[in-house]
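Okay, structure first, notes after.
Every number in this text was worked out from the coordinates using simple rules, so none of it is lab data. Because the structure is predicted, anything quoted here is derived from the model rather than measured.
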């Protein structure tokens, strides 16, 4: 069976400052930064705490993983192929989407930043995108920034529960 891929434009870290739209979400977790980093860097854990993630992997990439590593994720029935742009343990981890089975944007970076916050971690999700369409509203009328904020809040609550086990 052939997969219908949609290619996105290759971008680098400068895109975080030049994207048409940038969304930033933050959440505080009870877990220490090292544990949060380990969960983000382990693609097999995502299905346990990030809503909609069915599976994720580094494919045929060989450890040690870092900038340039290929990552693939299956989210809500769609597939994404990503290339790691940032791998600064335990501070910053992120990728650009190389291609997807659903047209999500002309270009997109997802960056995650982690700061110590007392005995826990402040996690920040930055989505920088040149959207194909106006992302102001989702199909159900929810503004896109509210959708992302709720998704990240749910994911971080799931990660806190996952790490507390």
By how many nm would the segment from residue 117 to residue 55 grow when fully extended, if each residue of separation counts as 0.36 nm and the alpha-carbon distance is taken off?
19.4 nm
Given axes a ≥ b ≥ c from the Cα gyration tensor, I'd like to know whether the stretch 74-123 is rounded (a/c under 1.5), prolate (a/b larger than b/c) or oblate.
prolate
Expressed as a whole number of Å, what is the distance separating the alpha-carbon centroids of the stretch 50-69 and the stretch 88-165?
16 Å
Note on the stretch 47-144: alpha-carbon gyration tensor, axes a ≥ b ≥ c; rule is a/c under 1.5 for rounded, else prolate if a/b larger than b/c, else oblate; result oblate
Give me the extension gain from residue 89 to residue 164: residue separation times 0.36 nm, minus the current Cα-Cα distance, reported in nm with one decimal.
24.9 nm
Give the shape of the stretch 10-70 as rounded, prolate or oblate, defined through the alpha-carbon gyration tensor: a ≥ b ≥ c are the square roots of its eigenvalues, a/c under 1.5 means rounded, and otherwise the shape is prolate if a/b is larger than b/c and oblate if not.
oblate
